[in-house]
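This report concerns only the one structure given below.
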Amino acid sequence: MFTSEQAKYSKPRKEIFQYALDKIGLKPEEVIHIGDSLESDVKCPGQAGIKSIWLNREGKAVPDGVEEAENLMEALRKIRETVNI
């Protein structure tokens, strides 16, 4: 886990995601970010090349190109499908 204080950046700056990737030694395509904010948790990591799953707990309209899940269990199922677990 990393904080914005450690990274010296906060969402919606893509640098916080780049900081985390550098620290864990992974490439953007090896990571999936899950969050409930379209701006901070979907668009921002996308700028760093990271795939995201939007937690859409309220059933809002889903923008084109956005992967969504109603809850964390559904997000986990989608991740498992992505990596064929």
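The values are calculated or read from the model by the stated rules, or taken from the named source; none is laboratory data. All of these numbers come straight from a predicted model, not from anything done at the bench. Backbone-built Cβ (ideal geometry, glycine too); neighbour counts: all protein chains shown.
Observations, loosely collected:
- Verdict on Ile24 being within 19 Å of Thr3 (Cβ to Cβ), exposed (fewer than 12 other Cβ atoms within 10 Å of the Cβ) and among the hydrophobic types (A, V, I, L, M, F, W, C): yes
- Asp64 being without any contact (Cβ under 8 Å) to a residue 60 or more places away in the chain and within 10 Å of the chain's Cα centre (by Cα): no
- Tally, over segment 36-57, of residues that are buried (at least 16 other Cβ atoms within 10 Å of the Cβ) and either among the acidic types (Asp, Glu) or closer than 18 Å to Phe17 by Cβ (or both): 15
- Against the conditions (1) surrounded by fewer than 13 Cβ atoms within 10 Å (Cβ to Cβ); (2) assigned to a strand (DSSP E or B), Lys60 satisfies every one except (2).
- Residue check for Gln18: among the polar types (S, T, N, Q) and either part of a strand (DSSP E or B) or more than 14 Å from the chain's Cα centre (by Cα) (or both): no
- Out of Lys11, Lys43, sole residue that is of a type in the set (Lys, Arg) and assigned to a loop (DSSP other than H, G, I, E, B): Lys11
- Some residue of segment 77-85 being loosely packed, with under 12 Cβ neighbours inside 10 Å, β-branched (Val, Ile, Thr) and not in a helix (DSSP H, G or I): yes
- The listed residue being touching a strand residue (DSSP E or B) at 6+ places or on another chain (Cβ under 9 Å) and either modelled with pLDDT under 95 or at negative phi (or both), out of Glu74, Glu81: Glu74
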